[in-house]
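To start, the structure itself, in structure tokens.
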Amino acid sequence: MLTYTGIHVTREFGAPSIRDMAIGLMREPRFGGGNSLPGPAGMYPVGIHTLVVADILRATGHAGLEADGLLHDGAEAAGLRDVCRPMKTYEGRKLEETVLRRIYEGIGRRWPSDATRELIHKADMIAVKAEGALGISGRGFCETQPNFNPSPVAKGLIRNYLDGLRYEDFLEPDGRLTLLWEKRLRRAMRRDTAHDAITKSYTEKA
């Protein structure tokens, strides 16, 4: 496939840029388009989901993982799309990880540890349950989930994005939320780089 900025991505090579991910994730609907909400909220994109995951990580004391939260579905902007969990194969999951590793390499970021990935997964699941409780995942979602206990905080974080939402906020290349996603990722990466540099300097002096 060719990305918005013209990068060639295949199974074997290539990775979308930060700009490509910002645009691609904001144009990719969650839950196979089964959303039951009216208006722009009915097109709730993966991009908002990743913003919410990053918000949950910050709210639970893991602000240093903000960039990883934003990136966790980055491969979906490389032609892999948001495949619903029951339809996703083992091979599909492995390809997603392969492409995501190329994304990390392309933007010069270290691949997250297993412990970090587990924290991101937990934040992801918190977001999924809150999305389901709000009707974003389609009718009947809540009834299919054992011990369903959506987080009120996560629901509030989602509503913050849905309040006054317009189509152009996420469908336009320079839409409000598209630019917010890109800005937050770049800012988080700069912060992490500065933190690593300070830590390295302190370690060397010690």
Taking GLU131 as the residue in question, decide whether it is among the acidic types (Asp, Glu) and over 30 Å from THR10 (Cβ atoms). yes
Among the residues listed as LEU180, LEU162, LEU157, the single one being closer than 19 Å to GLY33 by Cα, of a type outside the set (Phe, Trp, Tyr) and modelled with pLDDT of 95 or more: LEU162
State all residues of segment 131-159 that are in contact (Cβ under 8 Å) with a residue 60 or more places away in the chain and not in a loop (DSSP other than H, G, I, E, B); if no residue qualifies, say none. GLU131, VAL153, ALA154, LEU157, ILE158
Specify which of the listed residues (GLY14, GLY6) is closer than 26 Å to ARG187 by Cβ and free of Cβ contacts under 8 Å to residues at least 12 places away in the same chain. GLY6
Every residue from segment 82-106 that is surrounded by 18 or more Cβ atoms within 10 Å (Cβ to Cβ) and β-branched (Val, Ile, Thr): VAL99, ILE103
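The values are calculated or read from the model by the stated rules, or taken from the named source; none is laboratory data. Quick caveat: nothing in here was measured; it's all calculated off a predicted structure. Using ideal geometry, Cβ is built from the backbone for each residue, glycine included, and neighbour counts are taken over all protein chains shown.
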